[in-house]
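Here is the structure we will look at.
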Amino acid sequence: FAGAIGYRKGIHLIIQAFGNVIKVIPEARLIIAGSGEYEAEIDRLAKEYKLENYIIRMSWVGHDDLAKILSASDVFLYPSLSYGGWEEQFGYSMAEASLMELPVISTTSGSIEDVVINNKTGILVRPDDSEELFRAMILLAKDANLRTAMGQAGRRYIVENFSNKIIAEKFYEFFKKINLHSQS
């Protein structure tokens, strides 16, 4: 996980699920990179689940360091929740992970389905369901071919739909339509 450390990002669900993951895959490690108002709670949960030796916590990291973390990872987790009227928007960190050919495990909340295609570029689970999150984590942890296929599909999807060139073309078409309508 990389992003703001807040309740709405679902990191507590990652920790709950990861507590079961290490029972199946004891060599697994979880990297949580970011900062925010929920850090003390995340640290408390790590202790409660006795995961201090399995979780690597990092403060907010720059783009180059994030690329290094992602390149050393197998899966990107981002189980965002709807909370207090807020829902995840584009999910820039999920797009970055996809560009690094990581499959993404996230939730069916907000606009995440615009960034992650379920069972193609990653796995989408129900929000607030740590058991479903656990099953997705185990599935990808145990299947290197599936991870590779989803990671490659994720990179293709982001490049084909959200690259600078594609976005510039979409803006161009949008402004062209506005200009045509203003002239009519």
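Structural remarks
- Peptide packing for 63-76, 85-98 was compared via the average number of neighbouring C-beta atoms within 10 Å per residue; ordered from the highest value, the list is 85-98, 63-76.
- GNM flexibility winner over the chain from 62, 122, 36 (Cα, springs under 10 Å): 62
- Estimated inter-spin distance, residue 7 and residue 57, nm [label 7 Å along Cα→Cβ]: 1.9
- Approximating the spin labels as points 7 Å out from Cα along Cα→Cβ, the residue 50-to-residue 83 distance works out to 2.7 nm.
- Of all lysines in the structure, the ones whose alpha carbon falls short of 20 Å from that of residue 9, not counting any fewer than 8 places away in one chain, are 47.
- Listed by chain and number, the lysines placed with their C-alpha closer than 20 angstrom to that of residue 177 are 165; residues fewer than eight positions away on the same chain are left out.
- For the chain, calculated [θ]222 nm from helices alone, where every DSSP H run of n ≥ 4 adds -39500 (n - 2.57): -16000 deg cm²/dmol
- Highest-MSF residue in the chain out of 174, 18, 134 [GNM, Cα springs under 10 Å]: 174
- Most mobile listed residue (166, 138, 158) in the chain, GNM with C-alpha springs under 10 Å: 166
- Additional length obtainable on full extension of the chain from residue 138 to residue 113, 0.36 nm per residue less Cα span: 6.9 nm
- C-alpha center-to-center spacing [the range 55-90, the range 120-149] in angstrom: 16
Values quoted throughout were computed directly from the atomic coordinates according to the rules given, and no laboratory measurement underlies them. In this text, all values refer to a predicted model and were calculated from it rather than measured experimentally. Note that we place each Cβ from the backbone using ideal geometry, even for glycine, and neighbour counts take in every protein chain shown.
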